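Engineer: Below are the structure tokens for one structure; questions will follow.
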Amino acid sequence: MTSGAGMHFRGRVALVTGGTGDIGRSVVRRLAAAGLQVAFTFHQNQEAADQLAAELGESVRGWPVSENKL
């Protein structure tokens, strides 16, 4: 995701599921660095979600989700 590739993401929003996992966290960081606002979900790790959002600033926010129990 380099600016030289012609990708202009400023003002766009991305949703990342599993944002506190290893891959999800990396994706959140790259998207935020590219200028997107990022919403990410997480299941249990509130502390990791808070740390990631604090690290990346106001354009990144985590949302807890839970399994649908039937």
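Engineer: How fast does the chain diffuse by Stokes-Einstein, in µm²/s, taking the Kirkwood radius from C-alpha pairs at 4 °C and 1.567 mPa s?
Structural biologist: Diffusion coefficient, whole number: 105 µm²/s.
Engineer: Another question, then. What is the set of long-range amide H partners of VAL16 at a cut-off below 5 Å, with H atoms built 1.01 Å from backbone N?
Structural biologist: ALA39, PHE40, THR41
Engineer: Please report the carbon-and-sulfur percent of the accessible area for the chain; probe 1.4 Å, protein heavy atoms only, DNA, RNA and ligands left out.
Structural biologist: 50
Engineer: Then there's this: Need the full-extension length gain, THR41 to ARG10, defined as separation in residues times 0.36 nm minus the C-alpha distance. One decimal, nm.
Structural biologist: 9.0 nm
Engineer: OK, next. Could you give each residue of segment 15-27 its phi-based ³J(HN,Hα) in whole Hz, using Karplus coefficients 6.51, -1.76, 1.60 with θ = phi - 60°, and x for Gly or Pro?
Structural biologist: Once rounded to whole Hz, the list reads 10, 10, 8, x, x, 9, x, 4, 5, x, 4, 5, 5.
Engineer: Let me ask something else about it. Rounded to the nearest 500, what is the 222 nm mean residue ellipticity of the chain from helices alone, with -39500 (n - 2.57) per DSSP H run of 4+ residues and division by all residues?
Structural biologist: Helices in the chain give a 222 nm mean residue ellipticity of -10000 deg cm²/dmol.
The values are calculated or read from the model by the stated rules, or taken from the named source; none is laboratory data. None of the values given here were measured: they were computed from a predicted structure. Ligands, DNA and RNA are excluded from the accessible area calculation, which covers all protein heavy atoms including side chains. Shrake-Rupley method; radii C 1.70, N 1.55, O 1.52, S 1.80 Å.
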